[in-house]
C-alpha cells in the first residue's frame, strides 16, 4: 500500500474499530516499507484528521448531498482524510488529493461512487473559504465544539470552571502537533554532552522552558533506532510530567513507591535524581507493562527500581508507613494528552469522569497508608478536570490529615505567584501536555 492507503486504513482501524491511535499508528508503520517522508505523511494525515474530525464532517456536510452519518465507512474515511489535506496540508496539490481519493475508491471496487467522491472534494476545494461555522457570540459552545472538534459536553464541562477565552485557547493549543520530549539520563551523561551526541546523528535539539534536564528534539523518525537511545542516555517523557518528578524532589537513599508506575517515566526520573541510590518500588497490574519498566531500567542502567505486580486500589499492610515519598500518577480522563492522542476526545463520556474520580479516590486512600510521618504524597494526572484534580485533593487532605506543600520554587517561571500549592498546567501555557500536580505532606502526630 502507498502512504495514502496506509493512512486510510489506520484511520478506519481507529474510528470504526475503536483502536487507540498511538498503538494503531505504531503497528501500522512498523509493518510498512514506507520512507521517512511517507511515514511522516501517514502520521500527520491520521492524527490531523482525528484532531479536526468534527470540523471536517461539518465541511463535508456543507457540500455533500449525502450526510456523513449515511455514508459507507470507506467513503467517509476517504473524504475525511482528503478534506484534511485540502484544509491543512497546503503543500499537497488539490488535484493530487482528488485523484488519489478516486483511485482508492476504484481500487476497492466502488467505482459507482468515485464520481460522487470526486465531485464533493472538488466542490469543497473551490468553496472552502465559504464554509460557515456557528456564530461564536450566539452559540459559543457549538462554535468551539465544531471549530476545534470537541463533543459539546467537554466544552460545557470546562466552562463550568474556566473562562471562555481560556477554554478556547486550550482547544486551539490541543489541536497542534506535539513536540518530542526527552529526559536526560544524568547518571550517564549531561544535557550539553547529549546535545552533541544527538547532533552527530543529525537530530536537532533545544532546551525546555522549565526543566533543565530535558530537551525537545526534531528531525528523527523511530526514536528507538537512535544510538543514544540504545545506550540509555535518555528516555521519552513530556516536560509537564518531568515537572511532577521535580516537584516530588526525591533524595538519595530514600524509599519511593510509585503505585501506578507504567510506562515508568517518573520512576526513571526519580532514579536519576536519587543518583541511582535508594529504592523505588514501581507497581502496576499488567505484567507486560512491568516488563516495559524492567526493560527501560536495564537500558538506562538503573538498578534501584523493583517492579511489583500490585493493585493500586488495594492496601498492602507490609508497606504501611514505609515510604519517604509516594507517587500517585492516577488513571484519568486524559484530556491533557489530546495533542498526542486525539481519539480521547471522542471516546470519553460524562459518566466516565464520575467513575474515574471514584477509582482515583480509592487509589489515594490505599496509597496514603504507605507515607511516613512528615512524608510526601505526590498526586498527578494528565488531564484538565476539576473533579479529578482539585476536588480530589481537597477531599484527600480533609479526610487523611495531609497538607498541601508550597511548590512555587519549582514553577515560578510559568506561574508568577509567591505561593503555589497545586498547579493545573494547560496545553497553551508552555506547549506541553495538560497536567495537574499537587504535593502533600502527612502531618506528624504529636
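Computed quantities for the displayed model
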item: Test: residue in the range 288-299 that is crowded, with 18+ Cβ neighbours inside 10 Å and assigned to a loop (DSSP other than H, G, I, E, B); result: no
item: Yes/no for residue 56 being within 26 Å of residue 29 (Cα to Cα) and surrounded by 17 or more Cβ atoms within 10 Å (Cβ to Cβ); result: yes
item: Scope the range 208-235; condition crowded, with 16+ Cβ neighbours inside 10 Å and not in a loop (DSSP other than H, G, I, E, B); matching residues; result: 214, 215, 216, 217, 228, 229, 234, 235
item: Test: residue in the range 123-137 that is surrounded by fewer than 17 Cβ atoms within 10 Å (Cβ to Cβ) and within 25 Å of residue 14 (Cα to Cα); result: no
item: Test: residue 124 is at pLDDT below 95 and in a helix (DSSP H, G or I); result: no
item: Residues located in the range 320-340, provided they are crowded, with 21+ Cβ neighbours inside 10 Å and not in a strand (DSSP E or B); result: 330, 332, 333, 334, 335, 336, 337, 338, 339
item: Test: residue 176 is at negative phi, in contact (Cβ under 8 Å) with a residue 24 or more places away in the chain and in contact with a strand residue (DSSP E or B) (Cβ under 6 Å, 6 or more places away or on another chain); result: no
item: Condition broken by residue 197, with the remaining ones in (1) more than 29 Å from residue 342 (Cβ to Cβ); (2) loosely packed, with under 13 Cβ neighbours inside 10 Å satisfied; result: (2)
item: Residue within the range 47-70 that is under 18 Å from the mean Cα position of the chain (by Cα) and farther than 22 Å from residue 146 by Cβ present; result: no
item: Count of the range 389-412 residues which are under 15 Å from residue 426 (Cβ atoms) and either surrounded by 23 or more Cβ atoms within 10 Å (Cβ to Cβ) or outside the structural domain of residue 429 (by TED's automatic domain parsing) (or both); result: 1
item: Hits in the range 236-277 (condition: part of a helix (DSSP H, G or I) and closer than 23 Å to residue 366 by Cβ); result: 241, 244, 245, 247, 248, 265, 266, 267, 270
item: Residue in the range 148-164 that is within 23 Å of residue 341 (Cα to Cα), assigned to a strand (DSSP E or B) and under 18 Å from the mean Cα position of the chain (by Cα) present; result: no
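The values are calculated or read from the model by the stated rules, or taken from the named source; none is laboratory data. Here the structure is a predicted model, which is why all the values come from computation and not from measurement. Note that each Cβ is placed from the backbone with ideal geometry, even for glycine, and that neighbours are counted across all protein chains shown.
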